[in-house]
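Trainee: Here it is, the structure, as structure tokens.
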Amino acid sequence: MIDVQHPHVLPISELPEREQIALLAPFDGLDLQDIVVVGTVDDAARAAADLLAARIVGFDTESKPTFAKNEVNTGPHLVQFSTMTTAYLFQLHRTDCIPTMQMLIDSTALLKVGFGLSTDLTLIRNRLGTEPRAVFDIDNEFRRRGYRKSVGVKTAVALVFDRRFMKSRKATTSNWANKQLTDSQIRYAANDAYASIRVYDALGLRQRP
């Protein structure tokens, strides 16, 4: 079962430093039983039905890292959506599932929320030739509330939940183009999207007219 932490009131203050965040209790994200790696067209259809029913979902992408100076980023290689209870991971090498994923990205009926999505959206446009619609970058909401510096998911979880969001550099720089993802990759990718919908919900944005 997922341990849902209760958010505290969000004051306008200085952003916590890395050392301060490291002292916080860990944020309880989704575990493997709450994550679906979409493998078939039927999986994709079930994922789409659940996501569209939720209407607002956490959203993120992962790409195989580039290390050479002139190396072209061929991502995204993974696209993640998450409700408040379940995350769905779409791998781009599963080409038969791409049309469903594109439908979700294109859908104006599905609000997709996340952090620092500019690069993600550019890669989606370049690789899929589709224009993402109904996308909300939560970082803009923190700016609207008076935070001058960019607030990523790790800092947002510390501010809103007083918890430490685990982001492994090893997972960040791993090969997201692998056809078989490791358990740590699956958890990492799913919880980026899950933490986004949790923060969005805790900020009261769901109730905004």
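Trainee: Could you give the C-alpha radius of gyration of the stretch 148-209 expressed as a fraction of 2.2 N^0.38 Å, taking N as the number of residues it contains?
Mentor: Computed over Cα atoms of the stretch 148-209, the ratio equals 1.31.
Trainee: Among 139-150, 54-65, how do they line up by average Cβ neighbours within 10 Å per residue, starting with the highest?
Mentor: Top to bottom by mean Cβ count within 10 Å: 54-65, 139-150.
Trainee: Which length gain, in nm to one decimal place, applies between residue 179 and residue 55 when the Cα-Cα distance is subtracted from 0.36 nm times their residue separation?
Mentor: Result for the pair: 41.7 nm of gain on full extension.
Trainee: For a quick check, take a GNM of the chain with Cα springs below 10 Å and name the residue from 38, 79, 199 with the largest mean-square fluctuation.
Mentor: 38
Trainee: Carbon-plus-sulfur fraction of the accessible area of the chain, 1.4 Å probe, in percent?
Mentor: Solvent-exposed carbon and sulfur of the chain make up 51 percent of the total.
Trainee: Over the stretch 138-209, with the other protein chains present, what is the accessible area per residue in square angstrom, probe 1.4 angstrom?
Mentor: On the way: 3580 Å² over 72 residues.
For the stretch 138-209, the per-residue accessible area is 50 Å².
Trainee: Rounded to the nearest 10 degrees, what's the angle between the helix 118-128 long axis and the longest principal axis of the chain, both from Cα atoms, 0 to 90?
Mentor: 10 degrees
Trainee: Before rounding to the nearest 500, sum -39500 (n - 2.57) across all DSSP H runs of length at least 4 in the chain and divide by the residue total; then give [θ] at 222 nm in deg cm²/dmol.
Mentor: The helix contribution divided over the chain gives -11000 deg cm²/dmol.
Trainee: Which one, [x] 26, 19, 17; [y] 33, 18, 15; [z] 35, 19, 13, gives semi-axes √(5λ) of the Cα gyration tensor in Å as derived from the coordinates shown?
Mentor: From the options [x] 26, 19, 17; [y] 33, 18, 15; [z] 35, 19, 13, the structure gives [x].
The values are calculated or read from the model by the stated rules, or taken from the named source; none is laboratory data. Remember, it's a predicted structure, so these values are computed and weren't measured experimentally. Heads up, the Cβs are rebuilt from the backbone with ideal geometry, glycines too, and the neighbour counts pull from every protein chain shown. The protein model used for the area step is the full one, side chains on, heavy atoms only, and it has no ligands, DNA or RNA in it. Shrake-Rupley method; radii C 1.70, N 1.55, O 1.52, S 1.80 Å.
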